[in-house]
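Contents: one structure, followed by commentary.
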Amino acid sequence: MDKNFDAAAAEPRIYAKWDQEGRFAAGANASRDESYCIVIPPPNVTGSLHMGHALNNTLQDILIRWKRMQGYDVLWQPGTDHAGIATQMVVERELMETQQPGRREMGREKFVDRVWEQKEKSEGTILGQLKRLGCSCDWSRNEFTMSDGLSAAVLKVFVDLYNKGLIYRGKRLVNWDPKFETAISDLEVEPKEVDGFMWHFKYPLAGGETYEYVEKDEDGTVTLRETRDYISIATTRPETMLGDGAVAVHPSDERYAPIVGKLCEIPVGPKEHRRLIPIITDDYPDPDFGSGAVKITGAHDFNDYGVAKRGGIPCYRLMAMDASMRADGAAYAEEAAKAQKIVEGQSFTEEEIDAINLVPEAYRGLDRYAARARVIADITAEGLAVMVPADHPEVAWMKGQAPEWKENGRAAFPPVAESEDAEATGPATLPMVESKKIMQPHGDRSGVVIEPMLTDQWFVDAETLAQRAIEDVRAGKTKFVPENWEKTYYNWMENIEPWCISRQLWWGHQVPVWYGPDIDSDDPTGFSKEQRAFCASSEAEASQAAAAFYSKHLGYEVQVHIQCDADELIEIQREKGVSRDRFGIRGVASFDGKVSMIRLNRDPDVLDTWFSSALWPFSTLGWPEKTPELDRYYKTDVLITGFDIIFFWVARMMMQGIEFMGEVPFDDVYINSIVVDQKGQKMSKSKGNVIDPLHLIDDFGADALRYALASQEVQGRRTLRMGPEVTQGGQRFGTKLWNAARLAQMREAHTVPPSKTPPAASLTVNKWIIGETARAAAQVTEALEKYRFNEASSALYDHIWKVFCDWYVEFSKPYLEGADGPEKDETRACMAWALDQCLVLLHPIMPFITEELWGTLAPRDKPLIHADWPDLNAAALADADADREIGWVIRLIDGIRSVRAEMNVPAGAQIELVLTGHSVEVAHRMLRNSQLIQRLARLSECAVAEHAPEGSVTIALDDCAANLPLKGVIDVAQEKARLQKTLGKSEKEIKGLQGKLSNQGFLAKAPEEVIEEQRDRLAIAEAEAARLSQALERLAGLA
RNA sequence: GGGCGCGUAGCUCAGUGGGAGAGCACUACGUUGACAUCGUAGGGGUCGCUGGUUCAAUCCCAGCCGCGCCCACCA
């Protein structure tokens, strides 16, 4: 054997062998009927794995390997996620960087093909990384969220939920990402605090009306009274004024009571076409904030949307999908007139309102921030900005202090020309502009400012699905570890909003809905442009459903064509001799006055990537087919994941699992830490502090990284710091074990085939190590059962390094190096067994090095990956006498070593030990172990005597004094000082214990065993102190 | 605003109602036939502050100070 384990060479070799031999396959090594299943959190096919994945998968592999060794029927289900928006973004960025045609130029089909290439590439990388890490997934079952099977599951779930009314389409205000031009869910929005401003503008009352505006302080004293012909509005987004549908005040706000119900004018746009909007009441406005009056722009603000819905206020969409001001529709004058009719009470349909473009010509096509600047400038120029004295403390926009206008809108001060007068004298008043920190929503992928946008989207009725998902966690059917995450889960689930699942992207599961023309209710034989939806799990089914529907309505057969464009439809008509003139844009073609063909178009949207991830625990097991795997492994045993996707993923798996499988998807949800760098900083590409797990594996080996991760994974801790230093610790641990095995091999410990059960032992050291091993096995098992990865790691570290290597290996040497005979044979067998147990117990955490040693040390029936996890009776195997005796020997050796170092006794010098003040039993104990003690404490002789030899250094134990005759070597003063110091500590302890034991309250109320323990400790301390005093007395004579 | 978590040795962090721990770093000595990726020994902490509960508090409770995260959010 080499001195070191060559991880780089051995790990891939070992992994390949396991894989080839089918050691990872579901059910491999199963010896019992119970199953154990984990589904991997599928990594995104956007690139490669980071440290968080390394941690997450290490923890899963530890549990999987452990359970497999315990004989469970184990499945670790692997796979990857198509990660809709993220992957599409990666590909689009790459196209841009390599100056290739963009998505739109390529067209949907070609682009999607290109994303599949990305998927193949990334998946290969990811699986390779998982294998380097040692993950023992059943690769034959590898899945992908967009595979045929999983896509079928997605379709079925969508259709079922649709039919149950739990999925619906509607025009709602959603978070719109103007960069990707898609809706995103609330969870994909990151609010960020940015510097913003709040402008105050006057909305003049219609017809020049006036009212008494009165402000009062808390006591009701009037602080301001003036006649106003306007209502003051504060806003951070002036450009949305164009779409205002009302001004709202709180019903209790007396200041505005006189004008509630009246109309006011939006102070922007062509003067001759100013729009009038009503002043309404709603509970939403806070009278103490701003002016207390809020402009209501239902189509561009979530709070306003709520007010608008409650008050029947129209929501006017102002922006195009890229968040530029709309440039479609009719002339502004015409559109504004339509809006005015709504105010006057004329009713319009949602579609009609959506078609109204209230952006004046001057602003059309501008970016939203450019429009903002123009609106502010125009209002200010017109004198409708609220003006305040130039020294007003809240005014940011003072001469020379105004931040520069920036296109990204972070500081939105437009250039405003000052009047000549102002230049001469300086303005006495300035527009009221408050500088303000505002929370602005950003797309988590795109980074751009999200625009609330009224669009047609698909939603899941999450509230309904959440009910049982909440109940089942309350009932303990799924447990979060650590438990406090349940609170987070409830908090979100109980306030859940409808889940927007449609995305205007190309990469993903296309919504399985086809639209045909709707029946026109006014004309039973005609069709309207409105879309009638057919939801079905295939084109054929949709087509069939549509044919049935239209045939029933018309009373005769019609043909349905899917997604052919108008030209195609015309061609079909010509072939069939259909007259051309009756073909309309509504998607119907007719012949001889009868509708003969109908065109269906599939909804172009795709589903949120989490829609398919939510099915992962059962879709990967074959659902909707009734597969044996589904039956066997669902529900799964544990999900291991990060807290950041509890909402995104865990909650949704709970909902879908319960809905479609009738049962929660997992017993436990273990929330692992977030990996940060060694300074505690979150790893990110922009900070440049990302550590690639592969680099650490290259430098230290996968085992080292795995050990480092496991040993740092503390239940309930949020972050885990990882870096080369910690990983190196793992490597050292491996080397230590490696060399212990090397010694065992040199000493021929494995000459007899090692047994699974502990060998019969007669020697104390062997009895002792058997007990210690059983104890360690129990600790590791218990720690793993409780998901205490750090405890399992440290139990192994202590046992292997501190107990096995530091003491047992040393204790065993005299026997292993001694004459052949029963003692040598026994010790060999015990060492082989104890070492084997170390390998078995460490295998889940450090699979490679342990497997290598397992194979190197002895021929085996099975590789270590399939070895049996020990089930030792720790209590029965513990030998109290052996423990006591070895404990004593260790204390004695420690004491001697300590004194030798303090007295500067040369390491090579052999000195004598004389025991005094002992009982016969203690003397025998020493003599029995004198060989070990001499060797480890580097002694020439172990003797017993009546009195300590003159000039001895004394080590006080409770049942004896160990004297080292060092006459001529020791410095009497130094030794006195040492004894004094030790005695001081002893006395301090005695004092404390005596105090406690004389406290009546303590004696009356403390448990008996605690009192007993304190008494024992006192006795020991007193015995030690007595021996120390004696030693000091002897020295007193000398000095 | 609501919720969660943290503050223990120089650093990173375990831990416990009854004797303060580990790794790394540091100091001294050392190459003794497994291991210098090592060994032996050692220094180093009023366990954030204040109060309460208790026979007993680093641990439980309350408040405060400092730090971090999540959710929501006033136009």
Would you mind counting up the charge near A:PRO870? Only other residues with Cβ under 12 Å from its Cβ, with Lys and Arg at +1 and Asp and Glu at -1. -1
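With 32 Å as the limit, write out which pairs from A:LYS3/A:LYS967; A:LYS736/A:LYS988; A:LYS131/A:LYS786 have Cα-Cα distances beyond it, or answer none.
Long pairs (Cα-Cα over 32 Å): A:LYS3/A:LYS967; A:LYS736/A:LYS988.
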If I model the range A:205-336 as equal point scatterers sitting on the Cα atoms and use the Debye formula, what is log10 I(q)/I(0) at q = 0.10, 0.23 Å⁻¹? -0.35, -1.50
What does the accessible area per residue of chain A come to in Å², with a 1.4 Å probe and no ligands, DNA or RNA counted? 44
Within the under-13-Å Cβ sphere about A:HIS799, not counting A:HIS799, Lys/Arg +1 and Asp/Glu -1 give a net charge of -1
Percent of alpha carbon pairs in the range A:850-957 separated by more than 17 Å? 65
Charges only on Cβ, +1 for Lys and Arg, -1 for Asp and Glu: so what's the dipole of chain A about the Cα centre, in debye to the nearest 20? 2340
Quick one: net charge around A:PRO617, please, counting Lys, Arg +1 and Asp, Glu -1 for every other residue with C-beta under 12 Å from its C-beta. -3
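At a 1.4 Å probe radius, carbon and sulfur cover how many percent of the accessible area of the range A:832-969? Mind dumping the intermediate values first?
Values: 2650 of 5450 Å².
Looking at the range A:832-969 in its full context, I get 49 percent from C and S.
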Once neighbouring chains are kept in place and the probe is 1.4 Å, which whole percent of the accessible area of the range A:1-111 is contributed by carbon and sulfur? 46
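Let me check I have the definition right: for the range A:1-58, take the eigenvalues of the Cα gyration tensor, multiply each by 5, take square roots. What are those semi-axes in whole Å, largest first?
25, 23, 11
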Could you bin all the Cα-Cα distances of the range A:180-272 into 10 Å bins starting at 0 and give me the percent of pairs in each, rounded to whole numbers? 12, 34, 29, 17, 7, 0
Can you give me the convex hull volume of the Cα atoms of the range A:702-799, divided per residue and expressed in Å³? 119
Is the C-alpha gyration tensor of the range A:242-400 telling us rounded, prolate or oblate? Criteria: a/c under 1.5 is rounded; beyond that, a/b larger than b/c is prolate, otherwise oblate. oblate
The range A:73-115: equivalent-ellipsoid semi-axes (sqrt of 5 x gyration tensor eigenvalues, Cα, Å): 30, 11, 7
Cα gyration tensor of the range A:753-884 - equivalent ellipsoid semi-axes, whole Å, descending: 23, 18, 13
What is the angle, in °, between the Cα long axis of helix A:972-997 and the longest principal axis of the Cα atoms in chain A? Nearest 10 is fine, range 0 to 90. 60
Largest first, what is the accessible-area ranking of A:HIS82, A:HIS924, A:HIS561 with a 1.4 Å probe? A:HIS924, A:HIS561, A:HIS82
Cα centroids of the range A:427-491 and the range A:894-939: how far apart, whole angstrom? 69
Between the range A:692-713 and the range A:859-890, how many Å separate their Cα centres? 28
Straight-line reach from A:LYS991: which lysines have Cα under 22 Å away, leaving out those fewer than 8 places along the same chain? A:LYS976, A:LYS981, A:LYS1005
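With each run of n ≥ 4 DSSP H residues scored as -39500 (n - 2.57), what mean residue ellipticity at 222 nm is computed for chain A after dividing by its residue count and rounding to the nearest 500 deg cm²/dmol? Walk me through the numbers on the way to the answer.
Working: 34 runs with 437 residues, N = 1039.
When only DSSP H runs of four or more count, the value is -13500 deg cm²/dmol.
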Mean Cβ neighbour count within 10 Å, used as a protection proxy, ranking A:843-855, A:759-771 highest first: A:843-855, A:759-771
Taking Cα atoms, the helix A:651-661 axis meets the longest principal axis of chain A at an angle in degrees (rounded to 10) of 90
Restricting to chain A, compute how many DSSP beta bridges are antiparallel as a %, nearest 5. 70
Distance in Å, no decimals, from the C-alpha centre of the range A:178-208 to the one of the range A:12-50 is 49
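Determine by what factor the alpha-carbon radius of gyration of the range A:110-255 differs from 2.2 N^0.38 Å, reporting the quotient.
Ratio of Rg to 2.2 N^0.38 Å for the range A:110-255: 1.95.
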So how do A:820-828, A:463-471 stack up, highest first, on mean other-Cβ count within 10 Å? A:463-471, A:820-828
Ratio of the range A:730-779's C-alpha Rg to 2.2 N^0.38 Å, to two decimals? 1.32
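What's the whole-number percent of alpha carbon pairs in chain A lying beyond 47 angstrom?
51
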What's the magnitude of the charge dipole for the range A:26-173 around its Cα centre, counting Lys and Arg as +1 and Asp and Glu as -1 at the beta-carbon? Answer in Debye, nearest 20. 420
Lysine pairs in the range A:176-272 with alpha-carbon atoms under 27 Å apart, 8 or more places apart or on different chains: how many are there? 6
Longest to shortest principal axis, alpha-carbon extents of the range A:929-1028, angstrom: 52, 33, 23
Would you mind checking the radius of gyration and Dmax of the range A:55-179 based on alpha-carbon positions, in Å? 19.2, 57
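The values are calculated or read from the model by the stated rules, or taken from the named source; none is laboratory data. Note that this is a predicted model, so its numbers are computed, not measured. All Cβ positions, glycine included, derive from the backbone under ideal geometry; neighbour counts span all protein chains shown. The area values use the complete protein model at the heavy-atom level, side chains included, leaving out ligands, DNA and RNA. Shrake-Rupley method; radii C 1.70, N 1.55, O 1.52, S 1.80 Å.
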